[in-house]
Amino acid sequence: MNKEYRKPLNLTLRDLYEEGIVYNARPSYEDNPWLKAEEAQSNFLTAREMIISNMPMIVHEACLTDNVKRILKLVNVDIPSNIYTFKDRTQYEHLLQQLTADNQKIFFQYIHGQHLCKDEEYAVYKPKFIDLNNKSKIEQWTGGKYLPKREIVKAEEFEQAIQNWDLPLVIKPGDELPTAGGYGVMICYNEADLKKATNRIKEASDTKHIIIEQFIEEIDNYCVQYVYSEKTGIQYIGAVKQLTDEYGFYNGNVNSKHVPQSVIDAGYEIMKNGVDHGYKGVSGFDLLVDKNHDVYAIDLNFRQNGSTSMLLLKDRLHEGFHKFLSYHSKGDNTHFINTIEQFIKNGHLYPLAYYDGDYFGKDNVKSRFVGIWHAETEEKALEQEQLFLDALSSLNK
């Protein structure tokens, strides 16, 4: 076993919160037109931060099976004992109500309805949390800096307002409903893209405001991350470069050792503004750099991010290149987990979470896995990833 896997973490989520806080990464079961995650994907998210947590968490039972225990044991990690579990919507919603009835507060990644949790039962008071993550209020947290040209309009006035803009452009929902993975961001290069975005806005009848934003031709796309508690103060924990397609859909992250100081400073300033408003915890800010080296803030996430684990686990990984990404089974869950296990043993794949589809019956649900590729060089890490992908596809040839 790699001795590095035995290293204690310098910082965990528990260091950021007082006693009586339960961490919950699951989106609500309630409908959200801007966050269309499958039920399996939403349940899978509950375990993503399990290794870096060290605090009470809500985790779906399919993320805690013997298969999960086996692959985590390969990196000297045990499933924590302070876990609250559920298997379906009824159990999940009952658990939330039970925890708050016992005077525990919940750190939600995503807001939930008032009938499930009152405003004051959030670890960060719900109205503040909504304000901090509302895309239409980004100017407040940037102090009016680092912003692309943008306009916030009423949904019913969108079609008229858009006539004053030239393509390409970016369209986003401007209300409190959360988005993730680029799903709620609509990049429009042509009239066909714009028509598709317009139809989505019409379908999202509960969305009252829409943001129209200048399209930035970036040379780099960073997610800079910070933590804050009374004990830690504001700390910069690192940055990643985000991998997205041309329409902004998220495809993972890679570590970034050489981040412009202007980007780090901009993120620190934004974090301080959030802390002054009452935020504590982890934040990740999506900051673009264009060819003129100008910095633009396009999204602020005052919550954990997909790559937070990669940054906090860096001392357990090979010094060099790190890549965070998730995968799902091609249909044969046994082949999927056996392949994962093989590459973990090879020493270049660090597991974060596994959603065991066989919890629901043999191959009834596709299993999912999230982990970190780590090697001394980018070439080596990507070579291992390609071998992994080839192995996953081997049964289908």
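The values are calculated or read from the model by the stated rules, or taken from the named source; none is laboratory data. In this text the structure is predicted, and so the values were computed from the model without any measurement. Neighbour counts run over all protein chains shown; Cβ positions are idealised from the backbone, glycine included. When the accessible area is computed, the model is the full protein with side chains, heavy atoms only, and any ligands, DNA or RNA have been set aside. Shrake-Rupley method; radii C 1.70, N 1.55, O 1.52, S 1.80 Å.
To the nearest 10 square angstrom, how much accessible area does Lys202 have with a 1.4 angstrom probe?
Per-residue accessible area (Lys202): approximately 120 Å².
Keeping all protein chains in place, calculate the accessible area per residue for the range 87-174 (probe 1.4 angstrom), answer in Å².
50 Å²
Before I look further, what does the range 260-397 give for accessible area per residue, probe 1.4 Å, in whole square angstrom?
39 Å²
Among Asn346, Asn76, Asn221, which one moves the most in a GNM of the chain with springs linking Cα atoms closer than 10 Å?
Checking each option, the largest mean-square fluctuation is seen for Asn346.
Taking the Cα centre of the chain as the origin and placing charges on Cβ (Lys, Arg +1; Asp, Glu -1), which of Phe249, Val170, Thr65 is farthest toward the positive end of the dipole?
Farthest towards the positive pole: Thr65.
Ignoring everything but the protein chains, give the 1.4 Å probe accessible area of Trp165 in square angstrom, nearest 10.
40 Å²
With +1 on each Lys and Arg Cβ and -1 on each Asp and Glu Cβ, and nothing else charged, work out how big the dipole of the range 106-265 is about its Cα centre, in Debye to the nearest 20.
Value, rounded to 20: 320 debye.
Give me the distance in nm between label points sitting 7 Å out from Cα along the Cα-to-Cβ direction at Asp315 and Asp276, one decimal.
Placing both labels 7 Å along Cα→Cβ, they lie 3.2 nm apart.
When the chain is treated as a GNM, springs tying every alpha-carbon pair under 10 Å, which of Ala123, Ala101, Ala353 comes out with the largest mean-square fluctuation?
Ala101
Express in whole angstrom the spacing between the alpha-carbon centres of the range 289-336 and the range 129-178.
25 Å
Ignoring ligands, DNA and RNA, what percent of the accessible area of the range 83-193 is carbon or sulfur (1.4 Å)?
Result for the range 83-193: 44 percent of the exposed heavy-atom area is carbon or sulfur.
With a 1.4 Å probe and all protein chains kept in place, how do Arg316, Arg14 rank by accessible area, largest first?
Arg14, Arg316
Using modelled backbone amide H atoms (1.01 Å from N, in-plane), which distant-in-sequence or interchain residues come within less than 5 Å of Leu243's amide H?
Those qualifying (amide H under 5 Å, at least 5 residues apart or on another chain) are Asn251, Gly252, Asn253, Val254.
Ranked highest first by average number of other Cβ atoms within 10 Å, how do 147-155, 330-338 line up?
By packing density, highest mean first, the sequence is 330-338, 147-155.
Once you sort the root eigenvalues of the Cα gyration tensor of the range 259-320 as a ≥ b ≥ c, which label holds: rounded (a/c under 1.5), prolate (a/b larger than b/c) or oblate (the other case)?
It comes out oblate by the Cα gyration axes.
Looking at Val289, His318, Phe336, which one has the Cα that reaches farthest to the positive end of the dipole of the range 266-394 (charges on Cβ: Lys, Arg +1; Asp, Glu -1)?
The one lying farthest along the dipole's positive direction is Phe336.
Between Lys231 and Gln386, what is the spin-label point distance in nm, taking each point 7 Å from the Cα along the Cα→C-beta axis?
4.5 nm
Which residue fluctuates most in the GNM of the chain (Cα springs below 10 Å): Glu157, Glu269, Glu213?
Glu157
Of the accessible area of the range 317-392, with the probe set at 1.4 angstrom, what percent is carbon plus sulfur?
48 percent
How large is the dipole of the chain about the Cα centre if only Lys and Arg carry +1 and Asp and Glu carry -1, each at its Cβ, rounded to the nearest 20 debye?
Charge dipole, the chain, about its Cα centre: 860 debye, nearest 20.
How many percent of the accessible area of the range 197-245 is carbon or sulfur, using a 1.4 Å probe? Kindly include the intermediate steps, with their values, before the conclusion.
Working: 960 of 2250 Å².
Solvent-exposed carbon and sulfur of the range 197-245 make up 42 percent of the total.
Mind putting a number on the dipole of the range 102-197 about its Cα centre? Charges go on the C-beta only, +1 for Lys and Arg and -1 for Asp and Glu, and I need it in Debye to the nearest 20.
Taking the Cα centre of the range 102-197 as origin, the dipole is about 280 debye.
Convert each backbone phi in the range 194-209 into a coupling constant with the Karplus relation 6.51 cos²θ - 1.76 cosθ + 1.60 (shift: θ = phi - 60°), then list the ³J(HN,Hα) values in order as whole Hz, x for Gly and Pro.
5, 5, 4, 5, 4, 5, 5, 5, 5, 5, 7, 5, 7, 7, 8, 10
On full extension of the chain, what length is gained from Asp102 through Glu18, given 0.36 nm per residue of separation minus the C-alpha to C-alpha distance?
So the extension gain works out to 28.7 nm.
Would you mind computing, in nm to one decimal, how far apart the modelled labels at Asp265 and Glu378 are, each placed 7 Å from Cα along Cα→Cβ?
Placing both labels 7 Å along Cα→Cβ, they lie 2.7 nm apart.
In the chain, if the dipole is taken from +1 on Lys/Arg beta carbons and -1 on Asp/Glu beta carbons about the Cα centre, which of Leu147, Gly113, Gln97 is farthest to the positive end?
So the residue we want is Gln97.
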